[in-house]
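Written below as structure tokens is the structure these notes are about.
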Amino acid sequence: MSGAWVFVCGPSGAGKDSVIGWAATHLMDRPNIVFARRMVTRMPRSGSDHDAVTPKQFGSLAAAGGMAWHWDAHGFRYGIEARYGAEVQSGRVVVVNGSREHALAVAAQPQVRVVQILADPEQLALRLTQRGRETPHDVANRLARNELFSDLRAHRTILNQGELADAGLELVDFLVKSAASSPLR
């Protein structure tokens, strides 16, 4: 029996990292649900959820077949190591912090599920401004970019505007239901 990939995606500022982190903490005792670490060609910051690699390391690993998935977004390269593919083949649900553009490209595959985390534009703008990584112009560009993904068909859409636990519980519910048929219950 085979498991599934769950790509969690959404606009910058929607709180994907927080929702995924909350769910991971609450599903630690579930061997059939695995949270993949991303490899990214940028330096980690405090609280980063990825392993930093150089562009050269990334390219070598991708060329050697060491990535199950990889994509480019916002000037960086992102990848999921091939070892996670073995987890899916053994029946586990593997959760990936992904990009909407990549999710559009892979969503039709039978082993792929897409969860979209959203927040209203005002909330997104406030969060992006508060994190202080982008200029006001960059924030406006990120918000305008969201229109490109209005046709993303997600298996579950989670609105993250209230308590983190509310959105976290929705993701946990989706993952537990996705893993219900796993032979590793």
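Values in this text are rule-based calculations from the coordinates and carry no lab data. Remember, predicted model here, so these are calculated numbers, not experimental data. Because the Cβ atoms are built from the backbone with ideal geometry, glycine has one as well, and the counts that use them run over all protein chains shown.
Annotations
- 18 Å reach of a label modelled at Ala105, 7 Å along Cα-to-Cβ, counting backbone N of the range 7-31: 7-11
- Anisotropy class assigned to the range 4-97 is oblate, per the alpha carbon gyration tensor with a/c at or over the 1.5 cut-off and a/b no larger than b/c.
- Using a Gaussian network model of the chain in which every pair of alpha carbons under 10 angstrom is joined by a spring, one finds that among Phe76, Phe149, Phe35 the greatest mean-square fluctuation is at Phe76.
- Each part gets one Cα centre, and for the range 143-185 versus the range 19-34 those centres are 13 Å apart.
- Once the Cα-Cα distance is subtracted from the 0.36 nm per residue extended length, the Ser90 to Ala180 segment shows a gain of 31.0 nm.
- Descending Cα extents along the principal axes, the range 4-177, whole Å: 43, 39, 32
- Helix-only CD estimate at 222 nm, as mean residue ellipticity for the chain, using -39500 (n - 2.57) per DSSP H run (n ≥ 4): -11500 deg cm²/dmol
- Multiplying the residue separation of Gln161 and Phe76 by 0.36 nm and subtracting their alpha-carbon distance yields 27.8 nm.
- Choice from Arg77, Arg131, Arg156 showing the highest fluctuation, given a GNM over the chain with Cα pairs closer than 10 Å: Arg131
- Largest-first principal axis extents of the Cα set of the range 61-112 (Å): 34, 25, 15
- Among Gln111, Gln161, Gln130, the largest mean-square fluctuation in a Gaussian network model of the chain, built with springs joining Cα atoms closer than 10 Å, belongs to Gln130.
- Take the Cα of Met43, step 7 Å toward its Cβ, do the same at Leu126, and the gap between the two points is 3.2 nm.
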